[in-house]
Amino acid sequence: MMRVIWLISGLNRRMMKILLALALIAYIAVAPLREKIRDLEQSLSQKYPPVKFLSEKDRKRILITGGAGFVGSHLTDKLMMDGHEVTVVDNFFTGRKRNVEHWIGHENFELINHDVVEPLYIEVDQIYHLASPASPPNYMYNPIKTLKTNTIGTLNMLGLAKRVGARLLLASTSEVYGDPEEHPQNEEYWGHVNPIGPRACYDEGKRVAETMCYAYMKQEGVEVRVARIFNTFGSRMHMNDGRVVSNFILQALQGEPLTVYGTGSQTRAFQYVSDLVNGLVLLMNSNISSPVNLGNPEEHTILEFARLIKSLVVSRSQIQFLPEAQDDPQRRRPDIRKAKMMLGWEPVVPLEEGLNKTIHYFSRELEHQANNQYIPKPKAARMKKGRPRHN
Ligand SMILES: O=C(O)[C@H]1O[C@H](OP(=O)(O)OP(=O)(O)OC[C@H]2O[C@@H](n3ccc(=O)[nH]c3=O)[C@H](O)[C@@H]2O)[C@H](O)[C@@H](O)[C@@H]1O
């Protein structure tokens, strides 16, 4: 009996030694793997832009509809870096995953592929409702969809705000003033919009979206903020956006004629996207429920603007005059006294500085898309009839 016990424990000792040896080999073998995993974990935690730490009390759960678009993605960056929890909802009609990919995987960030025309049920404290195509060729491409997005989409988001007690900021537009008969445009002006023209799907869509906000405020007590956004430009505008800034820069960079619609005497005032984003956040966190203009009051004719871009790009492109776009607003410039007085906000990025940054962005985009890849041509707006002429 003793002999059997001795034999078994001897075997066990041998087994133990073998097992220990195997464990040691495994440990040594997986060491490089462990190092690789550690490096990977480090690189993952370092890949995000720096994010502030906010206490539970200060950290908000924020929904941005259209958060993968041009303005929405810059707003996403600001709110993420400020330390909030951001949920981006986008149907990727004009938005792009690329615009927010640098946040994917971050614990404060979520990206949902969803169309606001369908209801959405999530818990949030604030809603920035930006979802809508914004460039004239994009919003005219499918006017019914533009109308649905701005009407049904806004109703859905107001319904969500009501259910969860969130505050909603609507990204409205200078287009609610139409082709204005007052200049500059202040928030008291009711506008001059053609309700059956090609721009109506957007202009009237945004006007009724504003109406809905105030109906929900009065009837249901929903907290609303309305930003009337004037012409904005900057990085992450789509190459195929069709608005004047991206068109002119891309044309100048590629040595193609800069397409001026009409005589070029119509005016616009352009703000850089970072100024707008700061204004949106200030407005959301203010107590102003009436509409507020956000724009840069420095006004230029479109022809002046074409010449400025040509000179900044140092381009030999010609200027080509095309027929004017139907119902194109002739003069537009924001009166921003309200934003200055009540939000302490005004644009700080000079036009040329913003343009140089945007030119740099588009040159890199062109490089990125080189090597036989398809580079979309700038889209044209809906024109009145007439012949192009060159300058
Ligand atoms: O940029 C913006 O933020 C605004 O742009 C558009 O409004 P619009 O002022 O018509 O914008 P553009 O398409 O950039 O046109 C500006 C002016 O440049 C002209 N244009 C545009 C493009 C082009 O290649 N050539 C050209 O002369 C247009 O006819 C117009 O007079 C949108 O409707 C607004 O929602 C948006 O807020």
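The values are calculated or read from the model by the stated rules, or taken from the named source; none is laboratory data. Since we're looking at a predicted model, the values are computed, not measured. Don't worry about glycine lacking a Cβ; one is built from the backbone with ideal geometry, like all the others, and counts go over all protein chains shown. Remember, those area values only see protein heavy atoms, side chains included, never the ligands or the DNA or RNA. Shrake-Rupley method; radii C 1.70, N 1.55, O 1.52, S 1.80 Å.
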Any hit, segment 303-312, residues being touching a residue at least 12 places away in the same chain (Cβ under 8 Å), within 11 Å of the ligand (Cβ to nearest atom) and open to solvent by 10 Å² or more (accessible area, probe 1.4 Å): yes
For G221, only one of the following conditions fails: (1) more than 11 Å from the ligand (Cβ to nearest atom); (2) surrounded by fewer than 22 Cβ atoms within 10 Å (Cβ to Cβ); (3) on the phi < 0 side of the Ramachandran plot. What is its number? (3)
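Output the residue which, of all residues in segment 74-84 that are open to solvent by 10 Å² or more (accessible area, probe 1.4 Å), part of a helix (DSSP H, G or I) and touching a helix residue (DSSP H, G or I) at 6+ places or on another chain (Cβ under 9 Å), is nearest to S132 (Cα to Cα).
In this case the residue turns out to be H74.
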Would you be able to say whether some residue in segment 220-233 is of a type in the set (D, E) and within 30 Å of E352 (Cα to Cα)? no
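Within segment 267-294, work out how many residues are within 11 Å of the ligand (Cβ to nearest atom), more than 22 Å from N99 (Cβ to Cβ) and in contact with a Pro (Cβ under 8 Å, 6 or more places away or on another chain). Don't jump to the end; show me each part of the working.
The initial filter retains those residues of segment 267-294 that are within 11 Å of the ligand (Cβ to nearest atom), namely 267-271, 273, 276, 294.
Add one more test, that the residue is more than 22 Å from N99 (Cβ to Cβ), and what stays is 267-269.
Within this subset, residues satisfying the condition of being in contact with a Pro (Cβ under 8 Å, 6 or more places away or on another chain) are 269.
Counting residues in segment 267-294 that are within 11 Å of the ligand (Cβ to nearest atom), more than 22 Å from N99 (Cβ to Cβ) and in contact with a Pro (Cβ under 8 Å, 6 or more places away or on another chain) gives 1.
Filtering segment 345-359 down to residues that are over 14 Å from N296 (Cα atoms) and in contact (Cβ under 8 Å) with a residue 60 or more places away in the chain, which residue is nearest to the ligand (Cβ to nearest atom)?
Narrowing segment 345-359 to residues over 14 Å from N296 (Cα atoms): 356-359.
Remaining after also requiring in contact (Cβ under 8 Å) with a residue 60 or more places away in the chain: 357-359.
Values: K357: 16, T358: 12, I359: 16 Å.
Among residues in segment 345-359 that are over 14 Å from N296 (Cα atoms) and in contact (Cβ under 8 Å) with a residue 60 or more places away in the chain, the one nearest to the ligand (Cβ to nearest atom) is T358.
Residues checked against (1) assigned to a loop (DSSP other than H, G, I, E, B); (2) within 30 Å of S135 (Cα to Cα); (3) charged (D, E, K, R):
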site: P49; (1), (2), (3): yes, yes, no
site: R59; (1), (2), (3): yes, no, yes
site: I62; (1), (2), (3): no, yes, no
site: G72; (1), (2), (3): no, yes, no
site: V86; (1), (2), (3): no, yes, no
Any residue at all in segment 103-122 that is under 19 Å from L63 (Cβ atoms), outside any helix (DSSP H, G or I), in contact with a Lys or Arg (Cβ under 8 Å, 6 or more places away or on another chain) and within 15 Å of the ligand (Cβ to nearest atom)? no
Tell me which residues, restricted to segment 130-171, are of a type in the set (S, T, N, Q) and touching a Pro at 6+ places or on another chain (Cβ under 7 Å). T146, N156
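Could you tell me which residue of segment 165-209 is nearest to the ligand (Cβ to nearest atom), considering only residues that are β-branched (V, I, T) and open to solvent by 40 Å² or more (accessible area, probe 1.4 Å)?
Our first condition is that a residue be β-branched (V, I, T); within segment 165-209, this holds for 173, 176, 193, 196, 208.
Right, trim to open to solvent by 40 Å² or more (accessible area, probe 1.4 Å) and you get 196, 208.
On the way: I196: 17, V208: 15 Å.
Among those residues, the one meeting the criterion is V208.
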Filter segment 225-253 for residues that are within 15 Å of the chain's Cα centre (by Cα) and among the hydrophobic types (A, V, I, L, M, F, W, C); which is farthest from the ligand (Cβ to nearest atom)? M239
For segment 88-102, give me the residue count where each residue is over 18 Å from K145 (Cα atoms) and not in a loop (DSSP other than H, G, I, E, B). 6
Given the structure, is R364 surrounded by 19 or more Cβ atoms within 10 Å (Cβ to Cβ), farther than 28 Å from Q126 by Cβ and not polar (S, T, N, Q)? no
Check whether at least one residue in segment 232-253 is over 19 Å from L294 (Cα atoms), open to solvent by less than 20 Å² (accessible area, probe 1.4 Å), at pLDDT 95 or above and touching an Asp or Glu at 6+ places or on another chain (Cβ under 6 Å), and report yes or no. no
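Just to verify a result, which residue in segment 136-152, among those that are hydroxyl-bearing (S, T, Y) and either touching a helix residue (DSSP H, G or I) at 6+ places or on another chain (Cβ under 7 Å) or buried (at least 23 other Cβ atoms within 10 Å of the Cβ) (or both), is modelled with the lowest pLDDT?
Among residues in segment 136-152 that are hydroxyl-bearing (S, T, Y) and either touching a helix residue (DSSP H, G or I) at 6+ places or on another chain (Cβ under 7 Å) or buried (at least 23 other Cβ atoms within 10 Å of the Cβ) (or both), the one modelled with the lowest pLDDT is Y139.
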Filter segment 123-138 for residues that are assigned to a loop (DSSP other than H, G, I, E, B) and out of contact with any Gly (no Cβ under 9 Å at 6 or more places or on another chain); the one that is nearest to the ligand (Cβ to nearest atom) is V124
